[in-house]
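J.: Handing you this structure, nothing more for now.
The values are calculated or read from the model by the stated rules, or taken from the named source; none is laboratory data. Since the model is a prediction, treat every value here as computed from it, not as a measurement. Because the Cβ atoms are built from the backbone with ideal geometry, glycine has one as well, and the counts that use them run over all protein chains shown. These area figures cover heavy atoms from the full protein model, side chains too; ligands, DNA and RNA do not enter into them. Shrake-Rupley method; radii C 1.70, N 1.55, O 1.52, S 1.80 Å.
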Amino acid sequence: MIQSPGIYKNMTTMHPIDDVLWRDVDELKSSDYNPNHVATNELDLLATSLLEDGWTQPIVTRQDGKIVDGHHRLIVAKDYANELQKDGKVPCVILNHENEGDQRISTIRHNRASGAHMVDAMAENVRFLVEDSELSDSEIAKRVGMEQEEIKRLSRQVKLPDKHSDDDYERAWKPQGPK
């Protein structure tokens, strides 16, 4: 648990989310140090998320337009300008970093705080979608950014009834006998 105030700045008087601004995409500049790289499949999933859910997280910038967090959201917003921009603008919040070191620290925190998916929890979510939604496996795969095979494997993880029971396991899934 974070102890206050110590080395942490007092954030009780400033919450950037209180002041979401729509900034011109041409004002925003990517940093040259961001360690976060997104694979094509995940970038496609981000596009699906923005197109289906809209903007749920603004891009985090400094006053000068340098991006602290949200570089990939900006890429998607440029690719889908008609759907995701308002008059050439995207939602942003501004952090008032005193120096580039503070900006880099914030970028690292934003990237690392995203977390990782746990297999059992992911399998339970897929189980729900397969059993309790009216979506086909291909629709689920598309909307959550998974391959059909991932849907099948996760379905098996929680032992779903019959839907995939007739599917043949691929070669990699066949158990090996005693040697």
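J.: So if I check each of 104, 109, which one is in a helix (DSSP H, G or I), without any contact (Cβ under 8 Å) to a residue 12 or more places away in the chain, closer than 28 Å to residue 20 by Cβ and out of contact with any Lys or Arg (no Cβ under 9 Å at 6 or more places or on another chain)? Full working, then the answer.
T.: Values: 104 fails: without any contact (Cβ under 8 Å) to a residue 12 or more places away in the chain.
That would be 109, the only listed residue that is in a helix (DSSP H, G or I), without any contact (Cβ under 8 Å) to a residue 12 or more places away in the chain, closer than 28 Å to residue 20 by Cβ and out of contact with any Lys or Arg (no Cβ under 9 Å at 6 or more places or on another chain).
J.: Output the strands (runs of 3 or more DSSP E) that fall wholly within the range 17-88 and possess 2 or more residues being buried (at least 17 other Cβ atoms within 10 Å of the Cβ), or say none.
T.: Strands (runs of 3 or more DSSP E) meeting the threshold: 59-62, 67-69.
J.: Could you look through the range 120-144, keep only residues that are over 23 Å from residue 51 (Cα atoms) and aliphatic (A, V, I, L, M), and pick out the one that is least open to solvent (accessible area, probe 1.4 Å)?
T.: Going through the qualifying residues, I end up with 123.
J.: Give me a count of the residues in the range 20-45 that are without any contact (Cβ under 8 Å) to a residue 40 or more places away in the chain and more than 27 Å from residue 147 (Cβ to Cβ).
T.: Result for the range 20-45: 3.
J.: Still on this structure, please answer the following. Out of curiosity, is residue 147 surrounded by fewer than 16 Cβ atoms within 10 Å (Cβ to Cβ), modelled with pLDDT of 85 or more and touching a helix residue (DSSP H, G or I) at 6+ places or on another chain (Cβ under 9 Å)? Working first, answer last.
T.: On the way: surrounded by fewer than 16 Cβ atoms within 10 Å (Cβ to Cβ): yes; modelled with pLDDT of 85 or more: yes; touching a helix residue (DSSP H, G or I) at 6+ places or on another chain (Cβ under 9 Å): yes.
So residue 147 fits the description; yes.
J.: Between a first residue in the range 46-75 that is in contact (Cβ under 8 Å) with a residue 12 or more places away in the chain and small (Gly, Ala, Ser) and a second residue that is in a helix (DSSP H, G or I) and exposed (fewer than 15 other Cβ atoms within 10 Å of the Cβ), which pairs have beta carbons less than 6 Å apart while being 6 or more apart in sequence or on different chains?
T.: 65/27
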